[in-house]
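Presented below is the structure to which this report refers.
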Amino acid sequence: MRTITLIIIHCSATPQGSSLSFEECRRDHIMHRHFRDIGYHFYITRDGVVHEGRPIEKVGAHCEGHNSHSIGVCYEGGLDANGKPADTRTDAQRKALKSLIEDLHQRFPKALIVGHHDLNPAKACPCFEVKGK
């Protein structure tokens, strides 16, 4: 098993009113980014469903310089209807993300939980402060 030191939260940068299903995200990562699979280990759609992406045992493709020792969690959304960064999580996504993070933290208690922007300040993602979430 890989040593996990980070759990990194992302948003899909999908505007309100638009959707990006798990399969659409996977297809985009494979066809346009030329990844072997979706880059995230988990993807949470607006209805609160947690989709399993890459197996945790496999290195993700979600945060340059940190993939080998992290788990990537992404929620669908992150942009308002005008394309500006915003916390667009639905109640169902908030609950699902909280539950998933609690489960992952129990499995990897020493891992820090951070937002993508905490590791790359050029990113607005995940459009909310992760500390303490």
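The values are calculated or read from the model by the stated rules, or taken from the named source; none is laboratory data. Bear in mind that the values here come from a model prediction, so they are computed numbers and not experimental data. Here Cβ is always computed from backbone atoms with ideal geometry, including for glycine, and neighbour counts include all displayed protein chains.
Some notes on this structure:
- Conditions (1) closer than 25 Å to ARG27 by Cβ; (2) modelled with pLDDT under 95; number of the one not met by GLU129: (1)
The rows are residues; the columns are (1) free of Cβ contacts under 8 Å to residues at least 60 places away in the same chain; (2) surrounded by fewer than 21 Cβ atoms within 10 Å (Cβ to Cβ); (3) not hydrophobic (A, V, I, L, M, F, W, C).
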residue	(1), (2), (3)
ARG54	yes, no, yes
HIS66	no, yes, yes
GLY78	no, no, yes
ASP91	yes, yes, yes
LEU100	yes, yes, no
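- Of the helices (runs of 4 or more DSSP H) that lie entirely inside the stretch 21-133, those containing 1 or more residues that are in contact with a His (Cβ under 7 Å, 6 or more places away or on another chain), hydrophobic (A, V, I, L, M, F, W, C) and within 14 Å of LEU6 (Cα to Cα) span 116-119.
- The stretch 5-18, subset assigned to a loop (DSSP other than H, G, I, E, B) and surrounded by 14 or more Cβ atoms within 10 Å (Cβ to Cβ), residue modelled with the lowest pLDDT: GLN16
- Every condition in (1) buried (at least 17 other Cβ atoms within 10 Å of the Cβ); (2) in contact with a Pro (Cβ under 9 Å, 6 or more places away or on another chain) is met by ASN82 except one, and the failing one is (1).
- Selection status of TYR75, of a type in the set (Phe, Trp, Tyr), in contact with a helix residue (DSSP H, G or I) (Cβ under 6 Å, 6 or more places away or on another chain) and more than 18 Å from LYS131 (Cα to Cα): no
- Total residues in the stretch 23-40, condition surrounded by 13 or more Cβ atoms within 10 Å (Cβ to Cβ), closer than 21 Å to THR88 by Cβ and either acidic (Asp, Glu) or free of Cβ contacts under 8 Å to residues at least 40 places away in the same chain (or both): 7
- Failed condition for GLY83, given (1) at pLDDT 95 or above; (2) under 17 Å from THR14 (Cα atoms): (1)
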